[in-house]
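Written below as structure tokens is the structure these notes are about.
The values are calculated or read from the model by the stated rules, or taken from the named source; none is laboratory data. This one's a predicted model, so the numbers in the text were calculated from it and none came from an experiment. Glycine gets a Cβ as well: all are built from the backbone with ideal geometry, and neighbour counts include every protein chain shown.
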Amino acid sequence: MLRQKSGVASNRLPHERGPEFPFRLECVECNPRATFRVALRITWYVLVVMLDATPLLRLYARRRLAHLRVQRPAETQERQLLKLIRKAAHTRFGRDHGFAKINSVKDFQNRVRLRAYEDMWGEYWSRDFPTLTDCSWPGAMPYFALTSGTTTDINKNIPYSNDMIRSNRRGALDLLTHHLANRPHSRIFGGKTFMLGGSTDLVREAPGVSSGELSGIAPNTAPFWARSRLFPPVKLAASFDWEEKVDMLARASLTEDIRGFGGTPSWMLIFLDRLAALDGGKAQRSLRSYPKLELIAHGGVNFAPYRRQFEKLCEGTAAELREIYVASEGFIAVADRGSDDGLRMLLDAGIFYEFVPLAELGSPAPTRHWIADAEIGVNYALVLSSCAGVWSYVLGDTVMLVDRDPPRLLVTGRTAYSLSAFGEHLIGTEIETSVTAAADAIDAMISDYSVGPIFPEKEGELGGHLYIIEFLEPNISSPQLEKFTQILDRQLCETNADYDGHRAEGFGLNPPLIRTVRSGTFAAWMKQRGKLGGQHKVPRIINDPSLFQDLQEFSDRHSPG
């Protein structure tokens, strides 16, 4: 008879383990009890992996939704924090901050100050990297998620623990749970989910330690039952050449039963263009190549400039759009209602959240709210403590709560994503909303754009903002651009009093300048920077003069006409 072999030693990294069948088997004497156990496991494997497992997912979703309906946000979050503290009490970070004496949120906030990535790296992680053992989280850290800033070229190594792997799985299951709640007849597990991300090739940093993009770590650490439902296979997605990979994945996906599709909106649209060209030479992108597609999960950037394009794609199909909020530091929230109703925060997945008023972020003693007392409608810097060993960690994102029970939020931008070269204090969400409104006013759609300050060159001149925009439509007329500029300016004035004051009678700020570029310009610019595809994102607001100058010079060579 056959049974699972345990205790098999291996010097391979976790992501190198195989094969697809999850049991190592050897011949043993016939044992009725062992025979039954193995038969049960194999039966379960066949049901879950080889057949449509959506009915099993539906059972999980019902139970999860019942739990979420009675979840008490403050109680859940305080319990999560104390659980994290108890587990990390004997780490170097825990000893340094007296975790053994912490019994409440207030105790924690009094003992642990806010830290950015650079602080955690310099004080705790850099010395022993890549072998962090009992540093800020117990045990050895098996993975590091690599990420680079959108507007800088600084690479970060974010610790990624086995507990964080489980936390992210909870987030993925919540995404599917809310999808099933909205689509009760879903057969999402009857086919495959296509995650369009970065390279799945992980770098061996040390024995038992590897690093890579989060979108590469996730499929390498997926549970065996999920691997057969994920596309692309790890080997196929290993390429670092984005254009080559897009071509390979598009071709391979045409023979697959794709039920879910996820990624960064701008790269998803580029992929769909390539897919249309391969699938019968279609003139326009569509979802017809995936006739059973029912879920499009998107995140990473503000969706407003892309919403109309995706809604048009979904017309006449069974697909729904669902936003997720995932960072290298954790799975934070997922849409459980309509597109403008905020994202429901994951409160029981090994992450404790704090909210710091953005205006106080740089002060010596900023106010630190948490789920129990954070207010609706306030722009906060989001702060995390997690099961990967980040503590009171300033994520770099700004959020605004729209509900408290359950907590739902909107991502409003980045702490470094504001445009205030002249005291106008524009934040990311105000610019995104105004650009989208201006595009809607001229019935146009935007593929990508960036904006940055233009400083006066002579005494007495006014400064302003230059918007470099790639429209989906190839021929935007001068009257359309003039109307676009007027609507953009008016929206910003209505949204932001400081901007309105600077624009009043041309007192302190010129009207926006608009420069259009040909289709594909931003993708070509990102390629030149080595940031094409994957987790990389086109920077919306560029305050770095050299980076904005580089984009301007590049766009000069790609302007229409």
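A few comments on the model shown:
- Complete set of residues in region 229-266 that are in a helix (DSSP H, G or I) and hydroxyl-bearing (Ser, Thr, Tyr): SER253, SER266
- Some residue of region 412-427 being over 19 Å from LEU114 (Cβ atoms), acidic (Asp, Glu) and buried (at least 18 other Cβ atoms within 10 Å of the Cβ): yes
- Looking across region 238-260, the residues that are closer than 13 Å to GLY197 by Cβ and in contact with a helix residue (DSSP H, G or I) (Cβ under 7 Å, 6 or more places away or on another chain) come down to SER239, VAL246.
- Taken as a whole, the condition of being small (Gly, Ala, Ser), farther than 29 Å from LYS83 by Cβ and touching a strand residue (DSSP E or B) at 6+ places or on another chain (Cβ under 6 Å) does not apply to ALA359.
- Some residue of region 97-117 being touching a helix residue (DSSP H, G or I) at 6+ places or on another chain (Cβ under 7 Å), part of a loop (DSSP other than H, G, I, E, B), among the β-branched types (Val, Ile, Thr) and at pLDDT 95 or above: yes
- Members of region 340-373 found to be touching an Asp or Glu at 6+ places or on another chain (Cβ under 7 Å), small (Gly, Ala, Ser) and farther than 23 Å from TYR117 by Cα, listed by number: GLY342
- As a summary of the residue check, TYR124 satisfies the conditions (1) part of a loop (DSSP other than H, G, I, E, B); (2) buried (at least 19 other Cβ atoms within 10 Å of the Cβ) except for the one numbered (1).
- Applying the criterion of being modelled with pLDDT under 90 and among the hydrophobic types (A, V, I, L, M, F, W, C) to the residues of region 452-471, the residue that is surrounded by the most Cβ atoms within 10 Å (Cβ to Cβ) is ILE454.
- Taking region 246-276 as the range and being modelled with pLDDT under 90 and of a type in the set (S, T, N, Q) as the test, the residues that pass are THR264, SER266.
- Hits in region 278-287 - residues which are in contact (Cβ under 8 Å) with a residue 12 or more places away in the chain and part of a loop (DSSP other than H, G, I, E, B): ASP279, ARG285, SER286, LEU287
- For region 517-547, the set of residues classified as farther than 20 Å from GLY263 by Cβ and surrounded by fewer than 23 Cβ atoms within 10 Å (Cβ to Cβ) consists of ARG518, THR521, GLN528, ASN543, ASP544, PRO545, SER546, LEU547, listed by residue number.
- For region 432-463, filtering for residues that are of a type in the set (Val, Ile, Thr), touching a residue at least 60 places away in the same chain (Cβ under 8 Å) and within 16 Å of ARG515 (Cβ to Cβ) leaves 3.
- Boolean, GLY171 is out of contact with any Asp or Glu (no Cβ under 9 Å at 6 or more places or on another chain), small (Gly, Ala, Ser) and either in the same structural domain as ASN543 (by TED's automatic domain parsing) or buried (at least 17 other Cβ atoms within 10 Å of the Cβ) (or both): yes
- Among the candidates SER215, SER211, the residue that is within 21 Å of VAL538 (Cα to Cα), hydroxyl-bearing (Ser, Thr, Tyr) and crowded, with 19+ Cβ neighbours inside 10 Å is uniquely SER215.
- Whichever residue in region 278-308 is buried (at least 18 other Cβ atoms within 10 Å of the Cβ) and of a type in the set (Lys, Arg) and, among such residues, is modelled with the lowest pLDDT: ARG285
- Qualifying residue in region 486-507 (condition: modelled with pLDDT under 90, aromatic (Phe, Trp, Tyr), farther than 24 Å from THR429 by Cβ and not in a strand (DSSP E or B)): yes
- Tally of residues being touching a helix residue (DSSP H, G or I) at 6+ places or on another chain (Cβ under 8 Å), in contact (Cβ under 8 Å) with a residue 24 or more places away in the chain and surrounded by fewer than 20 Cβ atoms within 10 Å (Cβ to Cβ) across region 355-376: 2
- Selection within region 189-200 - within 19 Å of the chain's Cα centre (by Cα) and more than 16 Å from SER266 (Cβ to Cβ): THR193, PHE194, SER199, THR200
- Elements of type strands (runs of 3 or more DSSP E) contained in region 407-473, each with 1 or more residues being more than 30 Å from GLU75 (Cα to Cα): 446-454, 464-471
- Taken together, the residues in region 57-78 that are in contact (Cβ under 8 Å) with a residue 12 or more places away in the chain and either crowded, with 18+ Cβ neighbours inside 10 Å or part of a helix (DSSP H, G or I) (or both) amount to 12.
- GLU243 vs. criteria acidic (Asp, Glu) and at pLDDT 90 or above: no
- Enumeration of residues in region 517-536 that are in a loop (DSSP other than H, G, I, E, B) and farther than 16 Å from PHE240 by Cα: VAL517, ARG518, SER519, GLY520
- When region 96-136 is filtered for residues that are touching a residue at least 24 places away in the same chain (Cβ under 8 Å), under 23 Å from ALA374 (Cα atoms) and β-branched (Val, Ile, Thr), the ones remaining, listed by number, are VAL105, VAL112.
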